[in-house]
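Comments concern the structure below.
The values are calculated or read from the model by the stated rules, or taken from the named source; none is laboratory data. Computed from a predicted model, the values in this text were never measured in an experiment. Reconstructed Cβ throughout: ideal geometry from the backbone, glycine too, with neighbour counts over all protein chains shown. Only protein heavy atoms, including side chains, enter the accessible area calculation; ligands, DNA and RNA are left aside. Shrake-Rupley method; radii C 1.70, N 1.55, O 1.52, S 1.80 Å.
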Amino acid sequence: MVASLQEQARALGHPTRHQIFRYAAEAARPVDVAELTSHVGLNHNAIRQHLAKLVDAGLLIERRQPSGRPGRPRLVYEVDLVDGGRWGVSGPYERLSLLLAEVIRTGETPVEVGRRAGRGPAFAPISGAGTTAGVVESMARQGFEPAVEDHGDHIDIVLRTCPFRSTALADPDTVCSLHLGIAEGLADAVPGADVEELIARDPLLAHCVLRLRLDRAPGAG
């Protein structure tokens, strides 16, 4: 169930929760309970209770981050990028404007700019890094609502929503080229995976298809 604006407003109405939310937004990376405890000055249990409220309100996303060591993965938190724009956090169109400004400033193609962005921290997956699951996770965080269809030698990631649909209607070539570059940048971190194509659809109907060719050798994808 998607939280309403009123529910989110109530969650942020508490000064400590608002402080936690702003810290997570400004960190621009996953944060954990220990870091928030140090920043806010409350005990772990109190921080966890506030985090639970923010997660329930759809303001923060909770994930398990493998540590590579024995024991349970630690829990990390980051702002939900899809709804964060409601509360002063960079939303889809703010991110798009920065990418378009970079195209103008550098003179590079949208694919080149998108590819560099896809390799950067703003699009880095929290879990599943270096896997096709990480590509899907990153697309979900950006608001594409991806669905995966596995065809053996390749997977189709169906992007059920276009977070930039208004701009895509005006200039589909530029926006789709940015999407393609971002996908290529994400796929660069996945052994044995290459972006074969982006099959563009009507932005209003969405369901564009990102096709990843896979090497099914052991350890790939």
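For the pair segment 176-202 and segment 1-51, the centres of their Cα atoms are 33 angstrom apart.
Estimated at the nearest 10 Å², the accessible area of GLU35 is 50 Å² with a 1.4 Å probe.
Taking amide H positions as modeled 1.01 Å from N, with prolines and chain starts lacking one, the residues under 5 Å from CYS208 and 5 or more places away or on another chain are LEU159, ARG201. Residues of segment 17-53 with an amide N closer than 17 Å to a point placed 7 Å from the Cα of ARG10 along the Cα-to-Cβ direction: 17-18, 50-53. What nm value, rounded to one decimal, do you get for the distance between LEU169 and GLU197 when each label is placed 7 Å out toward the C-beta? That separation, rounded to one decimal, is 2.7 nm. For GLU145, the solvent-accessible surface computed with a 1.4 Å probe is close to 100 Å², ligands and nucleic acids excluded. Give me the net charge of VAL33's neighbourhood, meaning all other residues with Cβ under 11 Å from the Cβ of VAL33; Lys, Arg count +1, Asp, Glu -1. Counting the neighbours of VAL33, the net charge comes to -1.
Sequence-distant contacts, meaning Cα pairs under 8 Å at least 6 residues apart, place the relative contact order of the chain at 16 percent. Rolling a 1.4 Å probe over the protein heavy atoms gives the chain an accessible area of 52 Å² per residue. In this calculation the C-beta distance from ARG29 to THR161 is compared with R0 = 30 Å, giving a FRET efficiency of 0.75.
Can you tell me the FRET efficiency between HIS18 and ARG64 if r is taken as the Cβ-Cβ distance and R0 is 25 Å, rounded to the nearest 0.05? About 0.45, to the nearest 0.05.
Here r is the Cβ-Cβ distance between ASP153 and LEU204 and R0 is 22 Å; the resulting FRET efficiency, rounded to 0.05, is 0.10. Would you kindly state how much longer the chain becomes between THR106 and GLU145 on full extension, computed as 0.36 nm times their sequence separation minus their alpha carbon distance, in nm to one decimal? Using 0.36 nm per residue and subtracting the Cα-Cα distance, I get 11.0 nm.
Counting only protein heavy atoms and a probe of 1.4 Å, the accessible surface of the chain is 54% carbon and sulfur.
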